[in-house]
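Values in this text are rule-based calculations from the coordinates and carry no lab data. Because the structure is predicted, anything quoted here is derived from the model rather than measured. Cβ: placed from backbone, ideal geometry, glycine included. Neighbour counts: every protein chain shown.
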Amino acid sequence: MFIGIDVGGTCTDAVLLDGGAVRATAKVETQEDLLISLGDALDNLLKGIPGEKIQRVVFSTTIVTNLIAEKKYDPVGVLLLPGPGRTFMEFRQQDDVFFLTGAIDYRGREIIPLEEAELAKALRWLEDKGYQRVAVIGKFSTRNNAHELRVAQYIKQHHPEWQVEMGHRAGGRLNFPRRITNTVLTCATRDKYHYFANAVRDAMARRDISADVFILKADGGTLPLTVSEQVPVETIFSGPAASTLGVQALTPAGETSLVVDIGGTTTDLALILSGQPLLASRGAKIGDRFTQVRALAVHSVPVGGDSVVERVGKEIIIYSERVGHAYCLGGPLPTPTDALRVMGMTQIGDEDRAREAMVRLGAPVGMGPMEVAHTIVGLVINTVVTEIEQMFVEWEQEPAYRVWEVLQKKKLRPQNVVGVGGGAAGFVPQIAARLGCTPILPPYAPVANAIGAAVARPTLQVNLLADTERQIFIVEEEGYQGKLSGKLDEIGAVELAKSWLMKRAEKMNLLEYVQEIEITNRDVFNIVRDWRTTGRLYHISVQTPRGILGHIGSGGRLMK
Amino acid sequence: MMKKTGIIFFPAFDWAISATHPEREERLLYTRDQMFEEGILDLPEIEEFSPRLASEHDICRVHFCVPSVSDQVLEAHRIAAGAAMHLGDKIIAKQIKNGFALVRPPGHHAMRVVHGNRGFCNINNEAVLVEYLRRTYGVKKIAIVDTDVHHGDGTQDIFYHDPDVLFISFHQDGRTIYPGTGFTYELGGPGAYASTINIPLPPGVTDAGLHYVMDHLISPILADFQPDFVVNSAGQDNHFTDPLGQMRITAQGYARLTEKLKPDLAVLEGGYAIETALPYVNLAILLALAGKDYSSVLEPEYNPDRFKENPKVTSEIHRVVGELQEIWANRHKADKFALANGAKYYQRTKPIYYDTQFIEEKQIEKVRVCAQCPGYITIDSQAYHPDGKRYHVLAITIPIQACKYCQEEGWDAYEQYKHDYRFNYVYLQDKSTDTFMMYRREERQEFRSDG
Ligand SMILES: [Zn+2]
Ligand SMILES: [Zn+2]
Ligand SMILES: [Zn+2]
């Protein structure tokens, strides 16, 4: 049996799956202490079921997201090696930064050597400021980590007890500013996350659950809990992935569906394209910082069931913030949920209070409660539909760098609009009608997110770069930089990438998930100097297939 | 809201002229690495767009592809031109403040008639953009400033008789580099005198010399011309490490040039120091367009002490600038009819060489000298193609500003030449109505396309 838990901002949802069937569901309020919510959810699910029966637990957690949002993480001293290019002075406003001399170029060649004398200065700066956590990030360090290694080693030599993180380990892709963010946040949250992971293990042990525990990632893949401790930043932004995977499990395979997750204050939009959730072309953004965290392409619309509704003059306006529950649930102000209640599209809350909320808005301008309710629901639908149209335009604008990519671009149009979340039933049929799609409200829609967590599977990628002129290769995900022995052709480069994927799987204890390997990118560049081919560059990307462990029920289609 | 700099980056990682040709997949690879690593596409001042394809009609608005567009133009070319058009749309709609089409393949050596690839170019990206902007948005006066080390002979050819398109090209002196043209006396046809300005410079020009040209010649000319839209053919082969040119311009020099020129749209042209120049120059240009600090974009090979300009070079620059200043100052004294020696038609005979494919084209270009408009043009062109076939074509182009008489006479000429046994193909481009005609005489087939 599998357990999936999604710890959201207001609710913690959980399911227990047995084969393709939902055995139990639970919904508890999310507490300040996430572990309490996690424990509550588990106890609710397990009633009478012995812990040994559980084969796998996957949960999504907002702990790192919250730490970052509330700036409750530990202070980090940042050492940067920016080399020639942008000045990056703006990073002084975000982090406490010390700039070092030294530069690497795009092919990993040293273009400016380190200045050893500066290291002592940097160390004194860190000591004076009282930092015990240090992030060292160099431009192009993913192509050559020598400078980062030297700086980190120097600091460790003088302060073995300090925690030092290096850019090439924390953010292996190209993008220096995002690598800085990844490294700083990894450094800042690692201890607190470790504490959290220990508490999770403890909570499992106390319930006799000895199953593997995984954490959901923003791209819909999972990581073993222990592995996630090395990369706590990878756990951010997994909520939208949970509900999207849930929809994937609850709808027929291979279809193109727009996922509309209507929550309390936001509506998340995602796309399942021919059965696969669409990935964002760039990493996730947290607060005002861009990271290298791979995520699904999700748009958030700041409107939901608990959004505050007010009247200004004759106009009814929906605000993006939440003040409390809906009025019909004892909250202070009218909300879209009250409108749905009046229209009979939901059974939540007290009908009289809902009507009272509508009257309060409409009476002074001579609008009846039903008219007000219709106006509010119309506004919500307009906002969401406008955003959906905008989102498709943006997806069509995604950059393409190869001729075939430009040619195969086509207009994306979904077949289905699938609603999940509290407000789905009230809004989704009308949204679908506006878009000319089939509305689907799958069974278990309220816990689709937890189902998504339960069916998520580990995905592993390896991006390999080999440079036969310089006889080196790089594995971005591992921060590994090695030497090539002898000749390497394209087939050899693909094999090398695959072997590193297997190595990575073995290290994470995930070999059972690697039955096949997909090649997602294979670029070969001739290096030509003076009209002679002097080498080749191979850019190879391999991964285990993305997807889910299985579908739930009939892949339900309730509304036609 | 702050307006952004739009960029379309199209490195065409799956297209090359040949495996070891300078115009190959690897060309923008390191530029991509540098741009991505700098995180430049995350800047709030910059927005990235994806390219679209220029249509056949967009290409026919400029070129006569022999025998037809599909024989000369691949998808990669249509994407590069389409990228420039797409950014043009965004600029006209004021969605972005300026743009950079960082694309390959390049275009500025492609002339009006296309028998094959010339100087790595098949179609002229800037010209396709210009005709599109004029047709779609009624943009009147456009300036194209070509900052590539090679003379932009293709662009010059296309707008040579057009008084509303100012073409300025500085480049290494044609006696020392491909394509061997671009001298100060090439000033445009009689009806477009001084709307072509060529600034041939001696090898060895540094940033200082280049900015002397900019400050004393290009900027004042642009200020007089008052263009509605400025396109920069942003070649980067003036760089001190370029293998094809012998100039000594740096990334800083290019960035400051961009800052002064303030182009609405920069379109990448040449530049083949793919490791030592392109990653840095492209970054510097983009930062300059976006109004960001580029002062730290310094090439690893850059050493300020080595950049003293030879006094002989400096004095030659001053001489050329002086000569052109005088021509520009006296441009209004030139009379159209006097320049054409009183003839009704102004005629040029041009041998055109296609270096990439070893094609030799013979061309006779005839322009009607008209008091009301720039006059329609007939072009008699013949060449052997690499497949051994000989093509002899006749092409007529009617300018967008055409008077009634020139338009009618152009169409009459087309009808007549259709029956002329000398020509395999007869084409007509009526820019005033956005119509394109093509007649295959042997098959007696006619094609028409309207915009
Ligand atoms: Zn030029
Ligand atoms: Zn050039
Ligand atoms: Zn005329």
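Scaled to the globular estimate 2.2 N^0.38 Å, the Cα spread of segment A:77-188, given as radius of gyration, is 0.95. In loop segments of segment B:1-98 as defined by DSSP, the GluC sites (Glu not before Pro) with at most 16 further C-beta atoms inside 10 Å of their C-beta are B:Glu45.
One equal scatterer on each Cα of segment B:339-450, no solvent, Debye formula: the resulting log10 I(q)/I(0) at q = 0.15, 0.22 Å⁻¹ is -0.70, -1.22. Shown here are the Rg and Dmax of the Cα trace of segment A:222-311, at 14.8, 51 Å. For B:Gly6, the amide hydrogen comes within under 5 Å of the amide hydrogens of B:Glu47, B:Lys97, B:Asn98, B:Gly99, B:Phe100, counting only partners 5 or more places away or on other chains and with H modelled in the peptide plane.
Separation of the alpha carbons by more than 32 angstrom is noted, of A:Lys156/A:Lys192; A:Lys121/A:Lys498; A:Lys409/B:Lys90, for A:Lys121/A:Lys498.
Expressed as a whole percent, the proportion of Cα-Cα pairs in chain B lying more than 34 Å apart is 29%.
Label positions at B:Arg348 and A:Ser485, each projected 7 Å from the Cα along the C-beta direction, are separated by 6.4 nm. The magnitude of the dipole of segment A:252-441, with charges of +1 and -1 set on the Cβ of Lys/Arg and Asp/Glu and taken from the Cα centre, is near 480 debye.
Positive end of the dipole of the protein assembly as shown (Cβ unit charges, origin at the Cα centre): among A:Met166, B:Pro179, B:Val367, the Cα lying farthest that way belongs to B:Val367. Among the trypsin sites (Lys or Arg not before Pro) in segment B:90-122, which ones are in a DSSP loop with at most 13 other Cβ atoms within 10 Å of the Cβ? Mind listing them? Answer in residue order: B:Lys94.
Peptide A:388-397 shows a mean partner chain C-beta count of 1 within 10 Å per residue C-beta.
Converting phi to 3J(HN,Hα) with the Karplus coefficients 6.51, -1.76 and 1.60 and the offset θ = phi - 60°, segment B:369-385 yields 8, 10, 6, 9, 8, x, x, 7, 10, 10, 10, 9, 9, 9, 6, 8, 8 Hz in sequence order, with x at every glycine or proline. Rounded to the nearest 500, the helix-only mean residue ellipticity at 222 nm of chain B stands at -8500 deg cm²/dmol, with each DSSP H run of n ≥ 4 adding -39,500 (n - 2.57).
How are the Cα pair distances of segment B:311-354 distributed, in percent, across 10 Å bins from 0? Values per bin, smallest distances first: 21, 24, 32, 21, 2. Ordering A:Val542, A:Val475, A:Gly486 by the projection of their Cα atoms onto the charge dipole of segment A:460-543, which places +1 on the Cβ of Lys and Arg and -1 on the Cβ of Asp and Glu, puts A:Gly486 at the extreme positive end. Taken one residue at a time, the phi angles of segment B:235-243 give Karplus couplings (6.51, -1.76, 1.60, θ = phi - 60°) of x, 10, 8, 7, 5, 5, 9, 5, x Hz. Gly and Pro are set to x.
Our Cα-only numbers for segment B:1-135 put the radius of gyration and Dmax at 15.3, 48 Å. Using only side-chain charges placed at the Cβ, +1 for Lys and Arg and -1 for Asp and Glu, the dipole size of segment A:77-188 relative to its Cα centre rounds to 440 debye.
The DSSP beta bridges internal to the protein assembly as shown are antiparallel in roughly 60% of cases. For chain B, the Cβ-based charge dipole about the Cα centre amounts to some 1160 debye (Lys, Arg positive; Asp, Glu negative; other atoms uncharged).
Computed from the C-beta positions of B:Lys140 and B:Ile327, the FRET efficiency with R₀ = 22 Å rounds to 0.40. The modelled label-to-label distance for the pair A:Glu398/A:Glu70, using points 7 Å beyond Cα in the direction of Cβ, is 3.5 nm. Computed from Cα atoms, the angle from the helix B:125-137 axis to the main principal axis of chain B rounds to 70 degrees.
In units of the rule-of-thumb radius 2.2 N^0.38 Å, chain A shows an alpha carbon radius of gyration of 1.05. At q = 0.05, 0.09, 0.10 Å⁻¹, what log₁₀ I(q)/I(0) does the protein assembly as shown have when each alpha carbon counts as one equal point scatterer in the Debye sum? Listed by q, the Debye log ratios stand at -0.38, -1.07, -1.21. Across the alpha-carbon set of segment B:58-109, the Rg to Rh ratio works out to 1.04, Rh being the Kirkwood radius.
Amide H contacts under 5 Å for A:Thr12: A:Val28, A:Glu29, A:Thr30, restricted to partners 5 or more places along the chain or on a different chain, H placed in the peptide plane at 1.01 Å from N. How much of the calculated P(r) for segment A:252-441 lies past 27 Å, in percent of all Cα pairs? Cα-Cα pairs in segment A:252-441 separated by more than 27 Å: 35 percent. Taking the DSSP bridge list for chain A and keeping only pairs wholly inside it, about 65 percent are antiparallel. Cβ screening of the protein assembly as shown for cysteine pairs under 4.7 Å finds these without a partner: A:Cys11, A:Cys187, A:Cys328, A:Cys437, B:Cys60, B:Cys65, B:Cys121, B:Cys370, B:Cys406.
For segment A:460-543, what log10 I(q)/I(0) values come out of the Debye formula at q = 0.13, 0.20, 0.22 1/Å, with one point per alpha carbon and no solvent? Values returned for q = 0.13, 0.20, 0.22 Å⁻¹ are -0.41, -0.85, -0.99.
Taking 37 °C and 0.692 mPa s as conditions, segment A:349-428 diffuses translationally at an estimated 204 µm²/s according to Stokes-Einstein applied to its Kirkwood radius (Cα pairs). Once backbone amide H atoms are built at 1.01 Å from N, B:Ile197 has B:Phe167, B:Ile168, B:Ser169 as its partners under 5 Å, excluding neighbours fewer than 5 places away on the same chain.
Extension gain, A:Asp350 to A:Lys47: 0.36 nm times the residue separation minus the Cα-Cα distance gives 106.0 nm.
Would you mind getting me the FRET efficiency between B:Glu301 and B:Ser68? Use the beta-carbon distance for r and R0 = 41 Å, nearest 0.05. Rounded to the nearest 0.05, the efficiency is 0.35. Rounded to the nearest 10 degrees, the inclination of helix B:311-329 to the longest alpha-carbon principal axis of chain B is 40 degrees. On a per residue basis, the convex hull of the C-alpha atoms belonging to segment A:164-308 measures out at 146 Å³. With the biggest extent put first, the Cα atoms of segment B:332-396 measure 47, 20, 16 Å across the principal axes.
The trypsin sites (Lys or Arg not before Pro) of segment B:349-433 that DSSP puts in a loop, and whose beta carbon has at most 12 other beta carbons within 10 Å, are B:Lys389, B:Arg422. Using C-alpha pairs under 8 Å with a sequence gap of at least 6, the mean separation divided by the residue count of chain B gives a relative contact order of 14 percent.
Positive end of the dipole of chain A (Cβ unit charges, origin at the Cα centre): among A:Tyr327, A:Pro240, A:His147, the Cα lying farthest that way belongs to A:His147. Could you check the spin-label model distance between A:Thr533 and B:His21? Points 7 Å from the Cα along Cα→Cβ, value in nm. My value for the distance between the label points is 1.6 nm.
Relative to its residue count, segment A:422-477 spans a Cα convex hull of 161 Å³ per residue. The 3J(HN,Hα) values that the Karplus relation (6.51, -1.76, 1.60; θ = phi - 60°) gives for segment A:312-327 are, in residue order, 10, x, 9, 9, 9, 10, 9, 9, 7, 8, 10, 9, x, 5, 5, 4 Hz. Gly and Pro appear as x.
Expressed in Å, the radius of gyration and Dmax of the Cα atoms of segment A:1-112 are 22.9, 65.
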